[in-house]
Each structure stands twice: as C-alpha cells, then as structure tokens.
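Everything on this sheet refers to the single structure shown next.
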Amino acid sequence: NAGVTQTPKFRVLKTGQSMTLLCAQDMNHEYMYWYRQDPGMGLRLIHYSVGEGTTAKGEVPDGYNVSRLKKQNFLLGLESAAPSQTSVYFCASSRPVNEQFFGPGTRLTVL
Amino acid sequence: KNQVEQSPQSLIILEGKNCTLQCNYTVSPFSNLRWYKQDTGRGPVSLTIMTFSENTKSNGRYTATLDADTKQSSLHITASQLSDSASYICVVRSNAGNMLTFGGGTRLMVKP
C-alpha cells in the first residue's frame, strides 16, 4: 500500500498563477484533509471532506478551493496564488474519529 | 479558543541521553491527545495516543504521560538515537466538532 501520496512534491508559482495539488489514498478512508504548515506554527486545516462529493471549510479556507469527486482523491486548488500562500501543504486521510495518516507534503513557493 | 502550546521550541541533546518534551492544552471538551513524529521533509507519523483515562503509555523508547486535570502531557525519550532527530507534535482532539488542534512542535536534534 502506498498510503497517502501527494503530487507535486515541489512547485514555484508567480503571483496570480493557478495550480492544483493532488492527494490520493489507497486505504479506503472516508475522511480527507488539507493542511498548511508554516514555520513555528502548528498545522492549520484548510478544507476537509467526510465523503465523496462533500467538502467543508476548515480554519484557513480563504484563497483555496477543493473537490472530492472520487473517494480516493482530494484536490486542492489555488485560483490566484499569493505570496502568503507560500507554505508546505499536507494532505491526510482517516476513518471517522480515528488516526490521521499524512502524505509527504508539497512545498509551494509563490514569488 | 482551543490552543496547544509546546515547549521547548527546540532542543539539542547528545546521543544516549534522555529528554522530555512538554505539551499544555486548553482544548475542551477533551477527546484524546496524540504525539506525532515528523522527520524533515516528511509528513507526521503517530507515536502514541492518550485518552482521558490513561496516565501513561509507552511505545518502545517513547513514553507519553497525560494529566487531564492540569491539561498537560509529556513525551519522554529514553536513550536517544540519531534517528530521533525530528519535530515532535502534540495534537489534541475535541469532542465538539471532532476537530484537531496542533501544537507548534518541538524540534529535537540528537548529536553524536
């Protein structure tokens, strides 16, 4: 089992560009999450999904959109990237009220 | 507001020594507390989970404690190894809304 995988691993964008981060899990988990991790701060929840076709806002949702068209995939989109979105992005998945399993992260730099 | 504070922010110890990391939280109502280990460039991996009724739990050289009355937890690492160099993150789950609150982590460096 690959667990939770994320693509790409690294990306550099210019301000105003758009991109999509892909998260995939092969553990048949119902719940999936997108977090961002900034230096000196705890992980902060951007959006999450409790099942295929459903998404919800987390703590810091502004500037991001998500989609969960398939149970195993959770996409995070940036429509118009800003320097404040420079961060490391982690995807996670879990069964309801259970341990979250994290992907390896995507390091995004917005110039 | 739910908060998780960890100390120290960073720590350097010599290989073979012991160390203790601290976590204080204000999350309510409390469900459980996990300690995660995050290697550089990787995602966090769960080390141990503590529920309200548990005071101590071990996972190899890692021992976690929980005092639900004072809302404090600690992670003790015994006989440290170079591979213990990582960030250790305390994460508290609340029953309300089933959300997690993450601490900022303690960055541990073990030197030979």
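Taken together, the values in this text are just the output of simple stated rules run on the coordinates, not laboratory data. Keep in mind the model is a prediction, meaning the values are calculated, not measured. A quick note on method: Cβ atoms are made from the backbone with ideal geometry, for glycine too, and the neighbour counts reach across all protein chains shown.
Values computed for the structure shown
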{"item": "Region B:57-83-region A:85-107 distance, computed between alpha-carbon centres (Å)", "result": "23 Å"}
{"item": "Highest-fluctuation residue, A:Y64, A:Y33, A:Y48 considered, GNM on chain A with Cα pairs under 10 Å", "result": "A:Y64"}
{"item": "Two-site FRET efficiency, B:M109 against A:K14, from Cβ-Cβ distance with R₀ of 30 Å, rounded to 0.05", "result": "0.30"}
{"item": "Built amide H within the under 5 Å cut-off of A:L13, gap 5+", "result": "A:T109, A:V110, A:L111"}
{"item": "Förster radius 22 Å - calculated FRET efficiency between B:D39 and A:N1, Cβ distance, rounded to 0.05", "result": "0.70"}
{"item": "Distance in nm between pseudo-label sites at A:A82 and B:Q72 (7 Å out along the Cβ direction from Cα)", "result": "4.0 nm"}
{"item": "Across the protein assembly as shown: Cys residues that no other cysteine approaches within a C-beta distance under 4.7 Å", "result": "B:C19"}
{"item": "DSSP bridge pairs, the protein assembly as shown: antiparallel proportion in percent, nearest 5", "result": "90 percent"}
{"item": "Computed lengthening from B:S83 to B:A96, 0.36 nm per intervening residue step minus Cα-Cα distance", "result": "1.1 nm"}
{"item": "Of A:K9/B:K1; B:K17/B:K57; A:K57/B:K57; B:K37/B:K71; B:K17/B:K37, those spanning more than 28 Å from alpha-carbon to alpha-carbon", "result": "A:K9/B:K1; A:K57/B:K57"}
{"item": "Rounded Å value of the spacing that divides the Cα centres of region A:1-62 and region B:1-50", "result": "22 Å"}
{"item": "Contact order normalised by residue count of chain A, Cα under 8 Å, 6+ apart, percent", "result": "36 percent"}
{"item": "A:E30-A:R107 pseudo-label distance in nm [points 7 Å out on the Cα-to-Cβ vector]", "result": "3.7 nm"}
{"item": "Bridge type composition, chain A - antiparallel percent by DSSP, nearest 5", "result": "90 percent"}
